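The values are calculated or read from the model by the stated rules, or taken from the named source; none is laboratory data. Fair warning: this is a prediction, and the values are worked out from it, not measured in the lab. Every residue, glycine as well, gets a Cβ built from its backbone with ideal geometry; the counts of neighbours run over all protein chains shown.
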Amino acid sequence: MLLLVGKLLMALAILARLYWRPFRSRGMIYRWAADHHYKVLAIRTCRFFRGPFVTTKEQAVFRVVMKVEGNKERIAWIACGGALRGLGSHALHVWWDHTNTATVHS
């Protein structure tokens with residue numbers, strides 16, 4: 001019985017992490033964008049190619065298209081979370097893409 005309870009708790013912990021991670025990281029991006037008066041137009045999760053970042057598995061990386069000052073569209077790479085605490089920290093690292101295009105491919 002104790003083994004079954006342990007397995008159930010482990011499964012619940014894994015499911016909670018899988019569902020919490022996207023909500024937490026996207027919430028961090030939207031909050032940061034609002035604080036800087038930017039509007040998020042598109043977000044793409046970067047699972048394999050991590051852009052300009054060297055990250056841990058605890059961090060989430062996104063390619064984000066935003067409308068910035070002057071009604072211009074810009075693309076940024078955004079890494080959410082710290083190297084040790086992951087998304088438990090409020091760290092957000094932004095790397096602006098200096099290309100002229102503002103499209104995100106799905």
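Inclusion of residue 77 among residues that are at pLDDT below 80 and of a type in the set (Phe, Trp, Tyr) is not warranted. Restricting attention to region 40-51 and to residues that are modelled with pLDDT of 75 or more and of a type outside the set (D, E, K, R), the residue that is surrounded by the fewest Cβ atoms within 10 Å (Cβ to Cβ) turns out to be 45. Please determine, by comparing only the residues of region 1-39 that are within 18 Å of residue 93 (Cα to Cα) and exposed (fewer than 10 other Cβ atoms within 10 Å of the Cβ), which one is farthest from the chain's Cα centre (by Cα). Per the criteria, the residue is 37.
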